[in-house]
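Input: a single structure, listed below in structure tokens.
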Amino acid sequence: MPVLPPEPAAHRPHLQEALRLAREAREAGSAPVGAVLVNARGEVIARGRNRVGEAQTPEHVGAASVAHAEMDVFFAVGKVKDAGTLTLYTSLEPCLMCGGASALLGVGRIVWATDDPWGGSGRLIKWSDHPAMQETDVVPCPDPELEREGARLFAPEAKRAFPEEGWALWRQRYPAETEGVEEETNA
Ligand SMILES: [Zn+2]
């Protein structure tokens, strides 16, 4: 069964779920990023969120700088079957590690709500020089309203995590959503 066609209406509920998980991560003291893995019938088969600011538990990765939302999804799902039929939805453009993991697994498509002009790897996910990593389709920001919502949600973390050149790129990419942003304080 092929992956869902890249239609904004099909993407919206899954991007909203990823954004809900991102808010949950923020409330738990981690970075505000969420992700869901969806099968060809449009059913969510795994949910994940960033857990970098939380303790490791038997159920979840944590207490590690690499406990990103997408990795949480991949650990939650275990052995990935029929990867080419799956779509990974994320609230934020995946980083090199998570984009690389998705490409390595052969996930059929990655859709994200909001670009990450500093930490994102979307421009690299189609690893053009790597013969085994040609299969992952990428769909950046299909829903303008959710894109802005995701930018506002992640902006304080972007300012904290990427204080100089990274934040300048965020200001340039999302001027309205980063206006007057204060750093996230997980107090
Ligand atoms: Zn990542």
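The values are calculated or read from the model by the stated rules, or taken from the named source; none is laboratory data. Because the structure is predicted, anything quoted here is derived from the model rather than measured. Positions of Cβ are backbone-derived with ideal geometry, glycine not excepted, and every protein chain shown enters the neighbour counts.
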Against the conditions (1) away from the ligand (no atom under 12 Å from the Cβ); (2) buried (at least 18 other Cβ atoms within 10 Å of the Cβ); (3) of a type in the set (Gly, Ala, Ser), where does Gly78 fall short? Just the number, please. (2)
Within the range 140-147, can one find any residue that is modelled with pLDDT of 90 or more and within 16 Å of the ligand (Cβ to nearest atom)? yes
Exactly one of (1) surrounded by fewer than 23 Cβ atoms within 10 Å (Cβ to Cβ); (2) of a type in the set (A, V, I, L, M, F, W, C); (3) within 11 Å of the ligand (Cβ to nearest atom) is unmet by Ile45. Its number? (3)
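So, Glu54, is that one more than 12 Å from the ligand (Cβ to nearest atom), surrounded by fewer than 20 Cβ atoms within 10 Å (Cβ to Cβ), over 26 Å from Gly108 (Cα atoms) and of a type in the set (D, E, K, R) or not? Working first, answer last.
Numbers: more than 12 Å from the ligand (Cβ to nearest atom): yes; surrounded by fewer than 20 Cβ atoms within 10 Å (Cβ to Cβ): yes; over 26 Å from Gly108 (Cα atoms): yes; of a type in the set (D, E, K, R): yes.
Yes; evaluated as a whole, the condition is true for this residue.
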Any residue in the range 157-168 that is modelled with pLDDT of 95 or more, outside any strand (DSSP E or B) and within 15 Å of the chain's Cα centre (by Cα)? yes
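Tell me, please, whether a residue that is assigned to a helix (DSSP H, G or I) and over 16 Å from Gly84 (Cα atoms) can be found in the range 134-144. First the steps, then the outcome.
Our first condition is that a residue be assigned to a helix (DSSP H, G or I); within the range 134-144, this holds for 144.
Then keep just the ones that are over 16 Å from Gly84 (Cα atoms); that gives 144.
Yes, the conditions are met somewhere in the range 134-144.
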Residue count for the range 90-112, restricted to those that are within 14 Å of the ligand (Cβ to nearest atom) and in a strand (DSSP E or B): 5
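Can you tell me which of Ala76, Ala40 is free of Cβ contacts under 8 Å to residues at least 60 places away in the same chain, more than 18 Å from Phe154 (Cβ to Cβ) and within 17 Å of the chain's Cα centre (by Cα)?
It is Ala76.
Suppose the filter is within 14 Å of the ligand (Cβ to nearest atom) and among the charged types (D, E, K, R); does Asp116 pass it? Steps first, answer last, please.
Numbers: within 14 Å of the ligand (Cβ to nearest atom): yes; among the charged types (D, E, K, R): yes.
Criteria met by Asp116.
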Out of Ser128, Ser121, Ser65, I need the residue that is assigned to a loop (DSSP other than H, G, I, E, B), of a type in the set (Gly, Ala, Ser), loosely packed, with under 15 Cβ neighbours inside 10 Å and within 16 Å of the ligand (Cβ to nearest atom). Which one? Ser65
